[in-house]
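First the structure, in the form of structure tokens, and then the observations on it.
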Amino acid sequence: MQYTVRVKPGSRRGPRVDEDDDGLVVFVRERAVDGAANEGVVRALAAHFAVAPSRVTILRGHSARIKRVEVTP
């Protein structure tokens with residue numbers, strides 16, 4: 001299943017996943033440096049959906065705060 005995700009890197013609230021009208025909001029502690037925030041997003045979404053991190057793929061938006069991700073069961 002595909003989701004639109006808004007990422008909040010460097011957040012003290014993270015790791016946390018909230019739902020809003022536009023999709024999911026993912027709060028991660030990692031900063032957006034060298035892909036660290038993307039790794040944090042993958043781990044947070046995997047924990048939220050109770051799947052392995054290898055089941056979460058970032059499809060679009062690798063360098064943006066709004067991403068399109070796919071989670072396979």
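The values are calculated or read from the model by the stated rules, or taken from the named source; none is laboratory data. Quick caveat, the model's predicted, so the values are computed rather than measured. Note: ideal-geometry Cβ built from the backbone for every residue, glycine included; neighbour counts use all protein chains shown.
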Test result for ARG29, within 12 Å of the chain's Cα centre (by Cα) and at pLDDT 95 or above:
yes
Pick from segment 1-36 the residues that are touching a strand residue (DSSP E or B) at 6+ places or on another chain (Cβ under 6 Å) and not in a strand (DSSP E or B): which of them is surrounded by the fewest Cβ atoms within 10 Å (Cβ to Cβ)?
MET1
Inspect segment 51-69 for any residue being surrounded by 16 or more Cβ atoms within 10 Å (Cβ to Cβ) and part of a loop (DSSP other than H, G, I, E, B) and give the result as yes or no.
yes
Suppose the filter is in a helix (DSSP H, G or I) and either over 16 Å from GLN2 (Cα atoms) or not small (Gly, Ala, Ser) (or both); does LEU45 pass it?
yes
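Mind checking whether some residue in segment 42-58 is over 12 Å from the mean Cα position of the chain (by Cα), modelled with pLDDT of 95 or more and basic (Lys, Arg)?
Of segment 42-58, the ones over 12 Å from the mean Cα position of the chain (by Cα) are 50-52, 54-55.
After this cut, where a residue has to be modelled with pLDDT of 95 or more as well, the list is 50-52, 54-55.
Still in the list and also basic (Lys, Arg): 55.
For segment 42-58, residues over 12 Å from the mean Cα position of the chain (by Cα), modelled with pLDDT of 95 or more and basic (Lys, Arg): present.
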